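What follows is a single structure, written as structure tokens, with notes after it.
Read-outs throughout are calculated quantities, based only on the coordinates presented, and are distinct from any laboratory measurement. Since the structure is predicted, the reported quantities are computational estimates derived from the model, not experimental observations. Note: ideal-geometry Cβ built from the backbone for every residue, glycine included; neighbour counts use all protein chains shown.
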């Protein structure tokens, strides 16, 4: 825990710091995982068919010189509120625009990484044809893997 003390030693302790140090992580992780699951389950067939970079403008809500597709706009509409909720949970006060963008960049990068992982994991696990009965229901049992 010495690493974290380096960043928090000059700040007065908050009342919630006396509690579980993992509290925020325990609230953010399900929010990210649920959002990723919703996006993947709603658009799995298209996400698997498109190039892996298709998800990046969807998460950010913009693409340079290109109009977003309807599905990309839907994905952004699911992810954007989750990013805003994570900012609220972090309770960041008095941060610069550069700091806010850097945090948003990391959060959106997490969404991109988890969604692309699910896409590639699905592709790698789908060794048999789609109509093979052994593959049915696999998508319903898929969850994002790992926690920070």
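Numbers for the structure displayed
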{"quantity": "Chain lengthening between residue 90 and residue 34 when straightened (0.36 nm per residue, less Cα-Cα)", "calculated": "18.3 nm"}
{"quantity": "Whole-number percent relative contact order across region 22-141, with pairs defined as alpha carbons under 8 Å at least 6 apart", "calculated": "34"}
{"quantity": "Spin-label model distance (nm) - residue 44 vs residue 25, 7 Å beyond Cα toward Cβ", "calculated": "2.9"}
{"quantity": "117, 105 arranged by Cβ crowding within 10 Å, fewest neighbours leading", "calculated": "105, 117"}
{"quantity": "Ranking of 26, 114 by count of other Cβ atoms within 10 Å, fewest first", "calculated": "26, 114"}
{"quantity": "Inverse of mean 1/r across different Cα pairs in region 22-141, Kirkwood, Å", "calculated": "15.6"}
{"quantity": "Ranking of 41, 76 by count of other Cβ atoms within 10 Å, fewest first", "calculated": "41, 76"}
